[in-house]
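*Asks:* Here you go, one structure.
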Amino acid sequence: MQKNISTANAIVRITCGLVGLVWSMNYLNRHRVNRLLYLFIAGMSVMKIAEGIARFCPCRALYNKIRSSFSKDMALSFSTSSSHE
């Protein structure tokens, strides 16, 4: 697993994740309605904290993989189209 997040980005993710987790836990204790929404926000916040600690974002890794395969396909299509002429 390669690190694909910078240190500054990791610090921002950890900070925002902690804020989201504290906020959602506070509302979970105070309000008894819409608990699923607050649990979802807590889960997403924990995921952001984990991404910041590990300095790895699976969404960014998937995006980079798709982007690199797309650029290879585009380079391949340009090279095959120019060789026919």
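The values are calculated or read from the model by the stated rules, or taken from the named source; none is laboratory data. Computed from a predicted model, the values in this text were never measured in an experiment. Using ideal geometry, Cβ is built from the backbone for each residue, glycine included, and neighbour counts are taken over all protein chains shown. For accessibility, only protein heavy atoms count, side chains too; no ligands or nucleic acids. Shrake-Rupley method; radii C 1.70, N 1.55, O 1.52, S 1.80 Å.
*Asks:* Which of the residues that make up the stretch 1-20 are open to solvent by 70 Å² or more (accessible area, probe 1.4 Å) and part of a helix (DSSP H, G or I)?
*Replies:* 7, 11, 12, 15, 16, 18, 19
*Asks:* Looking at (1) open to solvent by less than 50 Å² (accessible area, probe 1.4 Å); (2) at pLDDT below 90, which is the only condition residue 73 fails?
*Replies:* Condition (1) is where residue 73 drops out.
*Asks:* For the stretch 43-52, give me each residue that is closer than 17 Å to residue 7 by Cα and in contact with a helix residue (DSSP H, G or I) (Cβ under 7 Å, 6 or more places away or on another chain).
*Replies:* Result: 48, 49, 51, 52.
*Asks:* Please go through the stretch 48-70 and give me each residue that is surrounded by fewer than 16 Cβ atoms within 10 Å (Cβ to Cβ) and closer than 17 Å to residue 15 by Cβ, ordered by number.
*Replies:* Passing the criteria: 50, 53, 54.
*Asks:* Anything in the stretch 38-47 that is touching a Phe, Trp or Tyr at 6+ places or on another chain (Cβ under 9 Å) and over 15 Å from residue 15 (Cα atoms)? List them, or say none.
*Replies:* 38
*Asks:* Looking at the stretch 21-44, is at least one residue free of Cβ contacts under 8 Å to residues at least 60 places away in the same chain, among the small types (Gly, Ala, Ser) and not in a helix (DSSP H, G or I)?
*Replies:* No.
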